[in-house]
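The values are calculated or read from the model by the stated rules, or taken from the named source; none is laboratory data. As the structure is a prediction and not an experimental result, all values here were calculated from the model. Here the Cβ positions follow ideal geometry from the backbone for every residue, glycine too, while neighbour counts run over all protein chains shown. The accessibility values were calculated without ligands, DNA or RNA, using every heavy atom of the protein model including side chains. Shrake-Rupley method; radii C 1.70, N 1.55, O 1.52, S 1.80 Å.
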Number of protein chains: 2
Amino acid sequence: MDQAPHRVTIREVAAHAGLSISTVSRALTGSRAVLPELVRRAQDSASELGYRADTVGRSLRTQRTGTFGLVVPDLTNPFFPALVQALEHAARSRGLSILIADTGNDPEVETAAMNTLLDRRVDALLVSPVDLEASREGLISAATTVPVLQIDRVIDEGIPFVRVDQEAPVKALVERMIATGRRHLAFIGQDPRIATSREREVAFAQAMSERFAGGPLRSVTGGTSPQSGRAAAETLLSRWPETDGVVCANDLIAVGVLEHVRARLAGRRIAVSGFDDTLMAQVLELTSVRQPVQQLADLAIAAAAHPDRSTLLATRAVVASEVVFRRSTD
Amino acid sequence: MDQAPHRVTIREVAAHAGLSISTVSRALTGSRAVLPELVRRAQDSASELGYRADTVGRSLRTQRTGTFGLVVPDLTNPFFPALVQALEHAARSRGLSILIADTGNDPEVETAAMNTLLDRRVDALLVSPVDLEASREGLISAATTVPVLQIDRVIDEGIPFVRVDQEAPVKALVERMIATGRRHLAFIGQDPRIATSREREVAFAQAMSERFAGGPLRSVTGGTSPQSGRAAAETLLSRWPETDGVVCANDLIAVGVLEHVRARLAGRRIAVSGFDDTLMAQVLELTSVRQPVQQLADLAIAAAAHPDRSTLLATRAVVASEVVFRRSTD
DNA sequence: ATAGGCTCGGCAAACGTTTTCCGGCTTCGC
DNA sequence: GCGAAGCCGGAAAACGTTTGCCGAGCCTAT
């Protein structure tokens with residue numbers, strides 16, 4: 001049938017323009033001064049022939065691919081698509097591309113994925129590590145080969161990161177629940193090996209101990225889904241029946257809790273809050289913590305795109321998030 | 001600080017093993033027979049030195065990158081993360097990678113993104129085109145350079161695709177609504193320039209005309225979000241107040257409709273259905289059409305990964321989907 | 001016994017680009 | 001009017017890999 005169409009190379013552009021390859025390269029990339037007349041000739045020939053520089057050849061020579069590896073734990077969790085989208089836009093606006101890997105919450109897959117990305121010679125690795133412990137070794141080892149940036153989830157302070165502050169919003173949630181008359185607050189976390197969930201739990205414990213020194217710490221952990229949220233709510237309320245406010249580490253969990261509360265405990269006035277301000281939170285009128293995804297992405301890409309790697313290697317950024325109060329905490 | 005760590009090249013492996021570069025290459029890739037003894041020596045040296053072949057060098061030589069470009073319209077729509085995840089897994093299990101681009105529903109961005117992916121010399125382009133018309137030109141032009149596979153949304157039958165049948169599920173929905181006593185059915189679509197939405201609308205019109213020949217076609221279109229779903233429901237019900245069943249082109253829309261119905265029309269028994277069987281549909285007990293995402297992804301990657309491009313170029317696949325009935329259509 | 005064929009190691013070319021180096025020309029200062 | 005110092009074009013090397021080709025050694029069949 002139709003043959004693989006021949007791609008125009010810089011050599012042909014040079015021939016067509018009656019210039020040397022070097023001159024064309026310089027004229028098009030602007031890497032060194034070229035007489036305006038020649039620049040025009042080069043550009044004209046290039047566009048006439050439809051020339052577009054081949055990134056593979058360029059990468060081989062420059063040792064930079066203009067590509068980042070992005071490793072996320074689970075695209076099923078709506079927070080990550082939002083993050084990916086923001087990162088991809090930020091990257092593309094600078095002419096950079098993103099190789100994506102979804103690890104399905106498996107640390108071994110994660111390490112393997114990072115290695116295949118390294119083989120592809122990405123300029124940097126953006127990672128939201130799966131597991132506080134099991135991900136560490138692979139992460140550290142990757143960091144010896146390429147600049148690594150932990151994004152959102154940070155499991156090793158020695159490696160650059162861009163994260164969200166968890167303390168303030170959790171404190172604000174607790175304060176609000178107390179202000180609306182609740183006294184017996186509880187926390188429902190995801191797998192405790194997830195960095196952000198752990199941090200939220202710690203923040204919760206601290207906020208509580210400031211208000212109710214010596215009081216019991218009501219806390220339960222489970223999976224990351226409405227189903228497990230419902231189950232967690234059940235065990236929580238059977239263990240501490242007095243509970244009248246629940247801070248969840250995640251919207252998906254909170255939705256499950258909400259279901260349980262609205263269905264089984266319609267009479268009781270139990271506050272519920274989540275994290276991530278997903279679409280579901282908006283629809284179900286669930287109080288949630290909106291993540292500054294855009295800011296996170298901009299910081300990450302800005303750091304990763306910086307020409308000298310020392311900037312990236314020095315990145316330790318924490319950005320603030322904002323609680324969106326809705327009916328679920330009225 | 002610490003210098004960029006030197007990556008081991010095949011040349012060093014060859015030196016260490018006392019073999020020629022060619023032999024090492026052949027031993028490691030198995031591209032030609034090599035004496036077992038030498039294979040062992042090559043492999044030992046490779047693993048001892050921690051050698052991993054550089055994909056950039058290889059790509060330059062072989063003219064294949066082992067990378068696909070994936071272009072999706074909007075990761076905010078939960079259908080696409082699911083698709084991306086499935087595609088990425090299928091690709092990685094074959095040692096292939098995916099460069100992702102989110103076009104934010106903008107055909108111009110889409111064309112630009114496709115071009116930057118082409119510069120990266122992807123082996124194939126997997127695209128869910130934004131717009132039935134505005135996307136066509138860019139798509140066709142890209143297809144002259146690289147194998148292109150339309151995935152889910154197809155806007156040009158001349159270009160290979162992997163899609164989902166819309167007719168059967170829509171018909172099943174209509175039948176069910178009729179079977180449960182509804183007579184005045186309506187359709188709410190997304191932007192009519194979205195291929196799948198249009199197909200669902202056509203299927204709806206056809207199913208209806210089979211049952212109610214000559215009856216009015218109640219149909220409204222709007223955006224892809226609960227908000228616009230709610231708005232659409234409002235105009236729909238003011239225009240055709242008798243409506244007692246609504247087939248929506250999308251879960252997000254359906255959720256908006258459901259809100260409107262449950263809030264404002266609590267007395268009336270109006271059936272609502274969506275598409276994609278997202279988490280929200282499950283939570284809100286919304287009848288929806290589950291997309292065979294896994295199957296779609298497997299077919300797509302299998303076609304794209306096939307060594308000779310003629311297979312991909314011949315791909316025209318349609319897979320079936322399944323309606324999941326829930327309370328919203330009881 | 002020898003011609004022909006098979007196996008397999010190594011040299012070198014090639015993939016497409018950027019960039020170093022060289023050298024010719026112009027300019028400028030004295 | 002002359003040396004030094006830019007400016008800028010072109011040849012060629014380099015990035016890391018795969019692979020076409022050659023030829024040495026061995027086997028086999030007649």
Check: Among B:Val127, B:Val122, B:Val148, B:Val154, which is of a type outside the set (Phe, Trp, Tyr), under 13 Å from B:Gly69 (Cα atoms) and touching a Phe, Trp or Tyr at 6+ places or on another chain (Cβ under 8 Å)?
Finding: B:Val122
Checklist line | Single residue of segment B:18-28 satisfying the filter (under 16 Å from B:Glu48 (Cα atoms) and touching a Leu at 6+ places or on another chain (Cβ under 8 Å)) that is farthest from DNA strand D (Cβ to nearest atom) | finding: B:Leu19
Next item on the list: State all residues of segment A:271-294 that are within 11 Å of chain B (Cβ to nearest Cβ), closer than 12 Å to A:Pro78 by Cβ and part of a loop (DSSP other than H, G, I, E, B); if no residue qualifies, say none.
Entry: A:Thr278
Check: Going through segment B:262-283 one residue at a time, which ones are of a type in the set (A, V, I, L, M), closer than 24 Å to B:Ser238 by Cβ and open to solvent by 10 Å² or more (accessible area, probe 1.4 Å)?
Finding: B:Ala263, B:Leu265, B:Ala266, B:Ile270
Note to self: I'm trying to understand the selection: among the residues of segment B:29-68, which are away from chain A (no Cβ under 11 Å), out of contact with any Asp or Glu (no Cβ under 9 Å at 6 or more places or on another chain) and within 12 Å of DNA strand D (Cβ to nearest atom)?
What the structure shows: B:Thr29, B:Gly30, B:Ser31, B:Arg32, B:Ala33, B:Val34, B:Leu35, B:Ala42, B:Ala46
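Given the criterion more than 20 Å from A:Asp276 (Cα to Cα) and free of Cβ contacts under 8 Å to residues at least 40 places away in the same chain, identify the matching residue among A:Ser238, A:Ser228.
A:Ser238
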Item checked: A:Arg52 within 24 Å of A:Thr315 (Cβ to Cβ) and of a type in the set (Lys, Arg) -> no
Margin query: Quick check on my filter: what residues within segment B:252-269 are in contact (Cβ under 8 Å) with a residue 12 or more places away in the chain and under 17 Å from B:Val283 (Cα atoms)?
Written below: B:Leu252, B:Ile253, B:Ala254, B:Val255, B:Gly256, B:Val257, B:Leu258, B:Glu259, B:His260, B:Val261
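Would you mind stating whether B:Thr76 is open to solvent by 10 Å² or more (accessible area, probe 1.4 Å), more than 22 Å from A:Ala82 (Cα to Cα), β-branched (Val, Ile, Thr) and at the interface with chain A (Cβ under 8 Å from one of its Cβ atoms)?
Numbers: open to solvent by 10 Å² or more (accessible area, probe 1.4 Å): yes; more than 22 Å from A:Ala82 (Cα to Cα): no; β-branched (Val, Ile, Thr): yes; at the interface with chain A (Cβ under 8 Å from one of its Cβ atoms): yes.
No, not satisfied.
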Notebook entry, point to check: Residue check, A:Arg26 against (1) within 16 Å of DNA strand C (Cβ to nearest atom); (2) within 29 Å of B:Arg7 (Cβ to Cβ); (3) within 9 Å of chain B (Cβ to nearest Cβ); (4) of a type outside the set (Ser, Thr, Tyr), all met but one. Which one?
Noted result: (3)
Check: Which members of segment A:259-270 meet the condition of being within 13 Å of another protein chain (Cβ to nearest Cβ) and closer than 14 Å to A:Ala186 by Cβ?
Finding: A:His260
Checklist line | Looking only at segment A:303-315, and only at residues there that are surrounded by fewer than 16 Cβ atoms within 10 Å (Cβ to Cβ) and assigned to a helix (DSSP H, G or I), the one that is nearest to the other protein chains (Cβ to nearest Cβ) | finding: A:Ser310
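Would you mind finding the one in A:Arg64, A:Arg94, A:Arg41 that is touching a helix residue (DSSP H, G or I) at 6+ places or on another chain (Cβ under 9 Å) and within 11 Å of DNA strand C (Cβ to nearest atom)?
A:Arg64
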Item checked: Residue that is β-branched (Val, Ile, Thr), farther than 19 Å from B:Gly222 by Cα and assigned by TED's automatic domain parsing to the domain that holds B:Cys248, where the choices are B:Val202, B:Val154, B:Val174 -> B:Val174
Margin query: Considering only residues that are closer than 29 Å to A:Asp244 by Cα and either within 14 Å of chain B (Cβ to nearest Cβ) or open to solvent by less than 10 Å² (accessible area, probe 1.4 Å) (or both), which ones fall in segment A:140-165?
Written below: A:Val164
Check: Which of the residues that make up segment B:100-116 are open to solvent by less than 10 Å² (accessible area, probe 1.4 Å) and facing chain A (nearest Cβ under 9 Å)?
Finding: B:Ile100, B:Ala101, B:Asp102, B:Ala113
Margin query: Just to be sure I understand, how many residues within segment A:8-61 are open to solvent by 70 Å² or more (accessible area, probe 1.4 Å) and not in a helix (DSSP H, G or I)?
Written below: 5
Next item on the list: Might you check whether a residue that is crowded, with 19+ Cβ neighbours inside 10 Å and within 14 Å of chain B (Cβ to nearest Cβ) occurs anywhere in segment A:201-224?
Entry: yes
Notebook entry, point to check: For segment A:225-251, which residues satisfy the criterion of being of a type in the set (A, V, I, L, M, F, W, C), touching a helix residue (DSSP H, G or I) at 6+ places or on another chain (Cβ under 6 Å) and either assigned to a helix (DSSP H, G or I) or within 14 Å of chain B (Cβ to nearest Cβ) (or both)?
Noted result: A:Ala233
Margin query: Within segment B:298-310, does at least one residue satisfy the condition of being in contact with a helix residue (DSSP H, G or I) (Cβ under 9 Å, 6 or more places away or on another chain) and of a type in the set (S, T, N, Q)?
Written below: no
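Consider A:Val318 carefully, then state whether it is touching a Leu at 6+ places or on another chain (Cβ under 6 Å) and not in a helix (DSSP H, G or I).
Here the answer is no, as A:Val318 does not meet what is asked.
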Check: Does B:Leu236 meet the test of being open to solvent by less than 20 Å² (accessible area, probe 1.4 Å) and over 25 Å from the mean Cα position of the chain (by Cα)?
Finding: yes
Check: Does A:Arg262 count as more than 25 Å from the chain's Cα centre (by Cα) and outside any strand (DSSP E or B)?
Finding: yes
Notebook entry, point to check: Are there any pairs, at least 6 apart or on different chains, whose C-beta atoms fall under 9 Å, with the first in segment A:4-15 and within 14 Å of chain B (Cβ to nearest Cβ) and the second near DNA strand C (Cβ under 8 Å from one of its atoms) and of a type in the set (D, E, K, R), and if so, which?
Noted result: A:Arg7/A:Arg52; A:Arg7/A:Asp54; A:Val8/A:Arg52; A:Thr9/A:Asp54; A:Ile10/A:Asp54
Next item on the list: Could you figure out which of (1) within 12 Å of chain A (Cβ to nearest Cβ); (2) closer than 17 Å to B:Ala297 by Cβ; (3) away from DNA strand C (no atom under 16 Å from the Cβ) isn't true of B:Asp123?
Entry: (3)
Check: Picking from B:Ala249, B:Ala300, which residue would you name as being in contact (Cβ under 8 Å) with a residue 40 or more places away in the chain, open to solvent by less than 10 Å² (accessible area, probe 1.4 Å), farther than 30 Å from A:Ala254 by Cα and within 25 Å of the chain's Cα centre (by Cα)?
Finding: B:Ala300
Checklist line | Wholly within segment B:77-195, strands (runs of 3 or more DSSP E) carrying at least 1 residues that are of a type in the set (Asp, Glu) | finding: B:97-102
